[in-house]
Structures are given as C-alpha cells and as structure tokens.
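Trainee: Here it is, the structure in full.
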Amino acid sequence: MKICCIGAGYVGGPTMAMIACKCPDIEVVVVDISVSRINAWNSDCLPIFEPGLNEVIRSRRGRNLFFSSDVEAHVADAQIIFVSVNTPTKTRGLGAGKAANLTYWESAARMIANVSTSDKIVVEKSTVPVKTAEAIEKILTHNSRGLRFDIVSNPEFLAEDTAVQDLAAPD
Ligand SMILES: NC(=O)c1ccc[n+]([C@@H]2O[C@H](COP(=O)([O-])OP(=O)(O)OC[C@H]3O[C@@H](n4cnc5c(N)ncnc54)[C@H](O)[C@@H]3O)[C@@H](O)[C@H]2O)c1
C-alpha cells in the first residue's frame with residue numbers, strides 16, 4: 001500500500017509523518033512543486049517547527065516516509081492520495097475576503113486525473129467549502145478514461161504548536 005500526499009506544508013508534513021510512524025508497513029510519500037520546501041524536509045533543518053516533529057521525522061524518513069518533488073510519478077503510483085494544498089482566502093472577485101481560492105486544489109485534481117492509470121481514493125485534507133468533493137469528482141471522472149475515483153472528506157483541524165501531540169492522541 002502506498003500513500004501520496006500532495007502539499008508538503010504545515011498540514012501535509014506532520015500529518016504524513018505521523019501516519020508513517022503509526023503504520024510502518026505503509027509507504028508514505030509527501031510531494032510538492034516547491035523544490036526548496038522538499039529539500040528542507042529532507043534536511044536537518046525542517047521547514048516548520050513543531051514540538052516533537054524532529055523526532056517523528058527522523059524515526060521514519062528514508063524508511064517508509066519520503067519527501068519528493070517528483071509529484072506526478074508518486075501520484076500515479078499511489079492507491080490513496082491526500083490533497084493538502086493551500087486554499088487561501090480570495091482577495092478579489094466574487095467572495096473576496098470570505099471564500100476560499102480553490103485554484104491550487106483544482107489544478108491538483110486535474111493533474112491527478114491526467115497521470116492516473118489505476119483507481120484511487122482521493123482524500124480532501126485542505127479546508128474547502130461544502131460540496132467541493134462533488135466538483136472535484138466531476139473533474140476527476142470527466143478527465144480520467146474510465147478510472148474510478150472515490151473522494152473522501154477528512155478536513156484538518158490541526159493546531160499549530162500542538163500538532164504532533166494532537167495527531168498522536170486525537171479526540
Ligand atoms: N496550517 C494550519 O494550521 C491549518 C490548519 C487546518 C487546516 N489547514 C488547511 O490545510 C490546507 C493546507 O494548509 P498548509 O498550512 O499545510 O498550507 P501550506 O501553504 O503550508 O502548504 C501547501 C503546500 O502545497 C503546495 N502545492 C500547492 N499546489 C500544489 C500542486 N499542484 N502540487 C504539489 N504541491 C502543491 C505548495 O507548494 C505548499 O508547499 C489549507 O487548505 C489550509 O487552510 C491548515
């Protein structure tokens with residue numbers, strides 16, 4: 001079983017590290033279009049600080065936890081894809097100051113459809129409006145040459161500063 005997470009940010013990094021830690025038999029690859037971010041995750045100087053994160057990363061990185069900028073190859077290979085890309089608040093147009101900008105999410109969905117050659121479970125980790133899963137399912141199934149995509153909503157409630165502790169002992 002292989003999991004790929006698109007987006008090596010504040011959510012993707014710690015969440016996937018904890019999954020790798022709790023599930024040593026599952027290969028977990030976190031991918032990002034930002035090469036500098038991936039390089040930082042692969043270094044001794046992680047791109048974010050969270051108490052306990054260093055230890056979790058060190059225990060699994062290179063074993064069943066990997067960080068890579070080869071986004072398409074790992075997405076194509078995985079059975080489960082978490083999408084944890086940024087969804088900033090819109091600064092102009094309809095919903096400016098309130099609605100989420102889904103550009104990055106939609107672009108990730110199109111890429112998943114383009115590179116997939118097997119059925120996939122796609123997990124929404126980003127903060128997105130209700131019914132986004134339906135829109136994403138349309139993007140995926142219309143572009144996917146008959147493959148099956150199951151969309152799962154698993155929104156993140158991560159709190160910066162206690163991320164590792166909260167992931168290890170969730171409510
Ligand atoms: N940070 C938090 O505390 C927090 C808490 C709860 C929910 N969230 C939500 O989780 C989501 C992710 O937040 P974050 O803080 O991790 O964001 P972030 O900005 O730290 O990281 C997002 C990453 O996604 C990458 N990315 C964007 N498009 C991509 C693509 N097509 N392919 C590959 N990589 C791509 C970016 O390069 C970036 O590194 C957002 O929707 C956010 O609202 C964040």
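The values are calculated or read from the model by the stated rules, or taken from the named source; none is laboratory data. Note that the coordinates shown come from a computational prediction; the quantities given were computed from them, not determined experimentally. Positions of Cβ are backbone-derived with ideal geometry, glycine not excepted, and every protein chain shown enters the neighbour counts. All accessible areas refer to the heavy atoms of the entire protein, side chains included, with ligands and DNA or RNA removed. Shrake-Rupley method; radii C 1.70, N 1.55, O 1.52, S 1.80 Å.
Trainee: Quick check: residue separation of Thr89 and Ile48 times 0.36 nm, minus the Cα distance between them. What number comes out in nm? Spell out each step's value before the answer.
Mentor: On the way: separation 41, 0.36 × 41 = 14.76 nm, distance 2.16 nm.
Length gained, Thr89 through Ile48: 12.6 nm.
Trainee: Efficiency by 1/(1 + (r/R0)^6): what FRET value for Glu72 and Asp166, r their Cβ-Cβ distance, R0 = 35 Å, to the nearest 0.05? Intermediate values should be presented prior to the final figure.
Mentor: Working: r = 32 Å, r/R0 = 0.90.
It comes out at approximately 0.65.
Trainee: Can I ask one more? Can you pull the percent of the chain's accessible area that's carbon plus sulfur, 1.4 Å probe, other chains left in place?
Mentor: Answer for the chain: carbon and sulfur cover 52 percent of the accessible area.
Trainee: Residue by residue, what Karplus-based ³J(HN,Hα) values in Hz, rounded to whole numbers, does the range 67-77 have, using 6.51, -1.76 and 1.60 with θ = phi - 60° and x for Gly and Pro?
Mentor: For the range 67-77, the Karplus-derived couplings read 10, 8, 9, 7, 4, 5, 4, 6, 5, 4, 7 Hz, x marking Gly and Pro.
Trainee: Among the DSSP beta bridges whose two residues both lie in the chain, what percent are antiparallel, rounded to the nearest 5? Let's see the in-between values first.
Mentor: Values: 1 of 24 bridges.
Counting only bridges with both partners in the chain, antiparallel ones make up about 5 percent.
Trainee: Now for a separate question. Using the eigenvalues of the Cα gyration tensor, what equivalent ellipsoid semi-axes result for the range 83-171 when each is taken as the square root of five times the eigenvalue, whole Å, largest first?
Mentor: Numbers: eigenvalues 123, 78, 20 Å².
Equivalent-ellipsoid dimensions as semi-axes: 25, 20, 10 Å.
Trainee: Now a separate question. Can you tell me the accessible area per residue over the chain, all protein chains present, probe 1.4 angstrom, in square angstrom? Show your work: numbers first, answer last.
Mentor: Numbers: 9180 Å² over 171 residues.
Per residue, the chain has an accessible area of 54 Å².
Trainee: Excluding ligands and nucleic acids, what accessible area in Å² is computed for Ser153 using a 1.4 Å probe, to the nearest 10?
Mentor: 80 Å²
Trainee: Further question on the same structure: For the chain, take the convex hull of the Cα atoms, compute a quarter of its surface area, and give me that in nm², please.
Mentor: Details: hull surface 40.4 nm².
Quarter of the Cα hull surface area: 10.1 nm².
Trainee: Still on this structure, please answer the following. What figure in square angstrom, to the nearest 10, would you give for the accessible area of Cys45 with a 1.4 Å probe?
Mentor: 100 Å²
Trainee: What shape does the range 35-125 take by its C-alpha gyration tensor, where a ≥ b ≥ c are the square roots of the eigenvalues and a/c under 1.5 counts as rounded, a/b above b/c as prolate, and the rest as oblate?
Mentor: Values: a/c = 2.39, a/b = 1.27, b/c = 1.88.
Oblate, since a/c reaches 1.5 and b/c is not below a/b.
Trainee: What pairs from Lys2/Lys125; Lys22/Lys131; Lys22/Lys125; Lys98/Lys131; Lys98/Lys125 go past 21 Å between their alpha carbons?
Mentor: Violating the 21 Å limit, Cα to Cα: Lys22/Lys131.
Trainee: Would you kindly state how much longer the chain becomes between Ser34 and Lys98 on full extension, computed as 0.36 nm times their sequence separation minus their alpha carbon distance, in nm to one decimal? Mind dumping the intermediate values first?
Mentor: Details: separation 64, 0.36 × 64 = 23.04 nm, distance 2.66 nm.
Here the answer is 20.4 nm.
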